[in-house]
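S.K.: I'd like to ask you about the structure that follows.
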Amino acid sequence: MIRFDNVTKKYAGTTKPALNAVDFEVKRGEFIFLVGASGSGKSSCLRLVLKEEKPSEGTVHVLGHNVSSISNRKIPYFRRNLGVVFQDFRLLPNKTVFENVAFTLQVIGKSRGFVQEAVPDVLKMVGLDNKAQRMPHELSGGEQQRVAIARAIVNKPQVLLADEPTGNLDPATSAGIMQLLERINANGTTVVMATHEAAIVDKMQRRVIELVEGTIVRDETHGGYGTTAVIPELGPRKERGVDAEKAKRAAREAAREAPTTQSVVTPRRSAVVAPVETDAAEDPAAMADETSTAPAEALSAPSSRSGEAPDTDSTPPWVVRAADDDAGDDPANETDRRAATDAAAQAGEPERAVDERPAQPLTQSQPIIGLPLASGPLPEDTQEHLSLAERLGLRAGKPRDEDKEQNVGPTQ
């Protein structure tokens, strides 16, 4: 029925042949699967059988004819013995199901009586006898493929060529199409089907011809789809043998050469805060009321380590920083200094001490407004002149002769 003798096919603009020295023969009544990846040469084989293409080398014989010797005038008569089923159906959208199938018979000149008898029979065979007057867009994909098969076999061809007829169909519909093709083959029609459906090929166990890059690599009488060489392995490739040892050595060398990361701690400057001199007319009792609202937990905060400055962001709000002697208690000057400090912090400059001048020693005339930021206790000569409330910052300093009347805690 079909024979390829050392056939090679090259397309213009390509250096690699689509088919390279292909030899196979298809006998009458056979069911053959052409399998392989896209571009392996399956469709090129079908086009050579239909004489849509001419072989570059070798000869193709179909139904006893050398297709290279058939003239263009005789090609339509030659193709009357061949039926073709395409993947995309190729139905006429402006004709009904009946008219699409009948169109094939009308083209070859069959009588109206023959058409009226043959079309209902073939539609009943494919299971569409009750949808003869439907339009193609009113049918499902499986039903449209059945119409295409009915159109291909209505003239009872000797060879049926199917180019991936189940490529656009779901598994259940594909199974019905394959059952239909089996019935057609059982009636004596030779079927050559190009497909990618591994499940169908494995289930039917018919003759399988596998193509890889235009070359036949397998021809089995009762074969399955198999594990073709063109299917790539998913996932990373496992190293074995010498390659695995090289990979391990490279990993160990990379681990030894990797630099070790060391953390570098930059010490921060300690802020020295001098006490602020208060106005002589200021009431010490009012100061005690203001400072008494501070939470008691803040007084027990641990002092910073030696050589490290405390975190200024966590400074209690009642701690009063030292003011510049020249600026005095002017609020505007204090606002300017704070704005400059914030701008320096945003620019990434290290925080400077509020007042880098040495702190003035504490005296009895200087009240304690808040806890000093400098780490460590007060000098001993200062602590012996201060009461408990003054050490905690809850009371302003008073002369020693009034210590006996001093009340610890906030005043009313």
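S.K.: Ignoring everything but the protein chains, give the 1.4 Å probe accessible area of V107 in square angstrom, nearest 10.
M.R.: Estimated to the nearest 10 Å², V107 gives 100 Å².
S.K.: Can you spot the lysines whose alpha carbon is less than 23 Å from K51's alpha carbon? Ignore those fewer than 8 places along the same chain.
M.R.: K9, K10, K16, K27, K42, K74, K156
S.K.: Follow-up question, since we're still on this one. First measure r as the distance between the Cβ atoms of K54 and D121, then evaluate 1/(1 + (r/R0)^6) with R0 = 35 Å and state the FRET efficiency to the nearest 0.05.
M.R.: In this case the efficiency is close to 0.45.
The values are calculated or read from the model by the stated rules, or taken from the named source; none is laboratory data. The model shown is predicted, which means the values in this text are computed figures rather than measured ones. For neighbour counting, all protein chains shown are included, and Cβ atoms are generated from backbone atoms with ideal geometry for every residue, glycine included. These accessible areas exclude ligands, DNA and RNA; they are computed on the full protein's heavy atoms, side chains included. Shrake-Rupley method; radii C 1.70, N 1.55, O 1.52, S 1.80 Å.
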